[in-house]
Amino acid sequence: MSVTLIIILVTVGISLWAWNDYSIMNRWIMNPYQVAKNGQYYRLLTSGFLHADWGHLIFNMISLYAFGALMEQVFGSLFGASGPLYYVGFYLIAIVVSDIPTFLKHRTDSGYNSLGASGGVSAIIFAAILISPLTKLYLFFIPIGIPGFIFGPLYLLYSYYESRRGMGAINHDAHIYGALFGIAFIILVYPAVLPNFIEQIAGWRLF
């Protein structure tokens with residue numbers, strides 16, 4: 001069983017548990033005020049295993065599954081037998097790092113909550129885009145594939161715009177900072193990824 005599939009099963013299990021036991025949801029959700037007031041920093045991590053509903057959960061887990069296999073291979077090539085441990089560590093740290101700006105922004109707002117694996121998933125997706133920028137991404141409402149190196153910047157611009165609007169319950173900041181963490185990490189541990197990325201997109205043609 002792949003590490004990605006194990007992460008998915010654990011996330012689904014914890015999300016279902018929290019849906020049926022609100023005390024778990026209440027204790028583990030990302031509430032910046034509780035983190036600041038009571039030092040409950042574990043929420044930055046545990047909130048990454050909670051989801052609002054089936055749609056939220058399925059979208060994140062499909063995205064993780066789609067790109068996780070590639071990144072498992074990359075981490076295996078970079079770190080050998082320790083690859084799975086680095087992969088899990090990368091995912092968990094991305095969840096925490098992507099929530100830090102949200103914590104700082106809303107630490108005095110007792111009514112603000114955030115949850116979901118989006119920060120970790122974004123880190124994996126954007127690291128994968130650097131590795132394989134011509135791989136096409138498909139969205140449910142767009143019938144054609146969009147190369148990753150085009151999709152990535154568009155997605156970040158959309159997330160930035162929605163974050164500034166401040167509408168809805170989606171934590172778009174987590175998408176942005178998770179993505180930036182994924183990009184920075186893969187460049188740090190595998191510097192050759194940047195010239196390889198440039199070489200691949202330089203040869204891309206629309207038709």
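The values are calculated or read from the model by the stated rules, or taken from the named source; none is laboratory data. All figures in this text were calculated on a predicted structure; none of them were measured in a lab. Because the Cβ atoms are built from the backbone with ideal geometry, glycine has one as well, and the counts that use them run over all protein chains shown.
Consider residue 186 carefully, then state whether it is under 19 Å from residue 69 (Cα atoms), modelled with pLDDT of 85 or more and not basic (Lys, Arg). So residue 186 fits the description; yes.
Here is a yes/no grid of residues against (1) free of Cβ contacts under 8 Å to residues at least 40 places away in the same chain; (2) over 27 Å from residue 138 (Cβ atoms); (3) among the hydrophobic types (A, V, I, L, M, F, W, C):
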{"position": "5", "(1), (2), (3)": "no, no, yes"}
{"position": "8", "(1), (2), (3)": "no, no, yes"}
{"position": "12", "(1), (2), (3)": "no, no, yes"}
{"position": "27", "(1), (2), (3)": "yes, yes, no"}
{"position": "33", "(1), (2), (3)": "no, yes, no"}
{"position": "41", "(1), (2), (3)": "yes, yes, no"}
{"position": "47", "(1), (2), (3)": "no, yes, no"}
{"position": "57", "(1), (2), (3)": "no, no, yes"}
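Answer yes if at least one residue in segment 170-189 is of a type outside the set (Phe, Trp, Tyr), outside any helix (DSSP H, G or I) and surrounded by 10 or more Cβ atoms within 10 Å (Cβ to Cβ), and no otherwise. Scanning segment 170-189, I find at least one residue that is of a type outside the set (Phe, Trp, Tyr), outside any helix (DSSP H, G or I) and surrounded by 10 or more Cβ atoms within 10 Å (Cβ to Cβ), so the answer is yes.
Show the residue pairs that are 6+ apart or on different chains and have beta-carbon atoms under 7 Å apart, the first residue being within segment 165-191 and more than 21 Å from residue 105 (Cβ to Cβ) and of a type outside the set (Lys, Arg), the second being at pLDDT 95 or above and part of a loop (DSSP other than H, G, I, E, B). Hits for this filter: zero, empty list. Quick one: is residue 33 over 18 Å from residue 181 (Cα atoms), more than 17 Å from the chain's Cα centre (by Cα) and assigned to a helix (DSSP H, G or I)? Yes, satisfied.
Here is the figure for segment 15-59: residues that are acidic (Asp, Glu) and closer than 18 Å to residue 97 by Cα total 0.
Candidates in segment 1-15 are the residues that are part of a helix (DSSP H, G or I) and among the small types (Gly, Ala, Ser); of these, the one that is surrounded by the fewest Cβ atoms within 10 Å (Cβ to Cβ) is 13.
The selection criterion, being surrounded by fewer than 21 Cβ atoms within 10 Å (Cβ to Cβ), touching a residue at least 24 places away in the same chain (Cβ under 8 Å) and polar (S, T, N, Q), does not hold for residue 82.
Of all the listed residues (103, 90, 181, 149), the sole one being within 25 Å of residue 44 (Cβ to Cβ), more than 16 Å from the chain's Cα centre (by Cα) and among the aromatic types (Phe, Trp, Tyr) is 103. Residue pairs whose Cβ atoms lie under 6 Å apart, separated by 6 or more positions or on different chains, with the first residue in segment 145-164 and free of Cβ contacts under 8 Å to residues at least 40 places away in the same chain and the second surrounded by fewer than 18 Cβ atoms within 10 Å (Cβ to Cβ) and assigned to a helix (DSSP H, G or I), do not occur.
Scan 66, 52, 94, 18 and give me the residue that is assigned to a helix (DSSP H, G or I), modelled with pLDDT under 95 and not polar (S, T, N, Q). Exactly one residue qualifies, and that residue is 66. Residues in segment 105-126: is at least one in a helix (DSSP H, G or I), surrounded by fewer than 20 Cβ atoms within 10 Å (Cβ to Cβ) and modelled with pLDDT under 95? Yes, segment 105-126 has at least one match.
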